[in-house]
Amino acid sequence: MKFLKPLVLLILSAIMIISCGTQQTVADFEGMEPAAITPDSLIRLIPDYSEELHTMTGHGRALVSEPGNSERVSVDFQSDRDRSLLTIRTSIGIEGGQILIDSDSLLIYNKVDNIAQKVSPEQSTLSSVGSIASLNMLDLFNFRITESEINQIFDSGSTLIVLLDNQAAIELEKSTGLIRRVDRSRSDPPVPYRTIEYEGYAEINGFQLPRKITIYSADGRSRATFLVQQLHVNGKLPPLVIDLPEGIPIQRP
């Protein structure tokens, strides 16, 4: 079931591994000056497409690796606000499997081994990377926070550091509000991923969306980087389901 490991990593969309023991986190804000901006002004600055962005389809290439394992794959994804469907192919174009993400479970179909498993986002037995929380693709590409979550705001030159009540830290551009990094390394309660980094923002039908997303595992030993090559928004989607072959039971660990 080797292919399940990169599949579970790709739930967060994307992907490449190194040791991250020396990575600096945005949570290291000690000594920073408080920012002049108020929480309500900050929320107005951060792009929020929850009312305008309804669907998304795209294609990208990913490098997936973790200690002892490395994969190069391509990813096709389709998403609405309720579900996301990812189809993963090997570097030579062979379909390896699919992941269906909804609000409370993941259906993972490993086409190579003819295995289907349904798990909760909190379960971590499928990958040595650890449990990586599932995120709807629309929420991943347009990460948002609410005013009530904000604890403190710090000035870091060209960026702002926003400390949330749960000890997560968000780094965003002061001029545009575009989010550059989400650091959950000190979150309470802990979450299965450590950091999400966003790069290469580009305008697509009026939406500013990232073209590169990097996700670090909770233990800091692995990371995954996804390079988006095609992205379409607000188009009509087919039903987001996995058509399992007859005779394949859905396992529940």
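The values are calculated or read from the model by the stated rules, or taken from the named source; none is laboratory data. Note that the coordinates shown come from a computational prediction; the quantities given were computed from them, not determined experimentally. As a convention, Cβ positions derive from the backbone with ideal geometry for all residues, glycine included, and neighbour counts pool all protein chains shown. Side chains are part of the model used for accessible areas, which takes the heavy atoms of the whole protein and leaves out ligands, DNA and RNA. Shrake-Rupley method; radii C 1.70, N 1.55, O 1.52, S 1.80 Å.
A few remarks follow.
- Kirkwood-Stokes translational diffusion coefficient of the stretch 38-88, alpha-carbon pairs, 4 °C, 1.567 mPa s, µm²/s: 93
- Share of carbon and sulfur in the accessible heavy-atom surface of the stretch 159-238 [1.4 Å probe, %]: 44
- Packing-based ranking, highest mean first, of 142-151, 98-107, 54-63 given that Cβ atoms within 10 Å are counted: 54-63, 98-107, 142-151
- According to the Kirkwood relation over distinct C-alpha pairs, the hydrodynamic radius of the stretch 150-240 is 14.8 Å.
- Formal net charge of residues neighbouring G97 (Cβ-Cβ distance under 10 Å; K, R +1; D, E -1): 0
- Segments 31-41, 161-171 sorted - mean Cβ within 10 Å per residue, highest first: 161-171, 31-41
- The label-point distance for I92 and N234, in a model that sets each label 7 Å from Cα toward Cβ, rounds to 4.3 nm.
- Positive minus negative residues near R61 (Lys, Arg vs Asp, Glu; Cβ under 14 Å): +2
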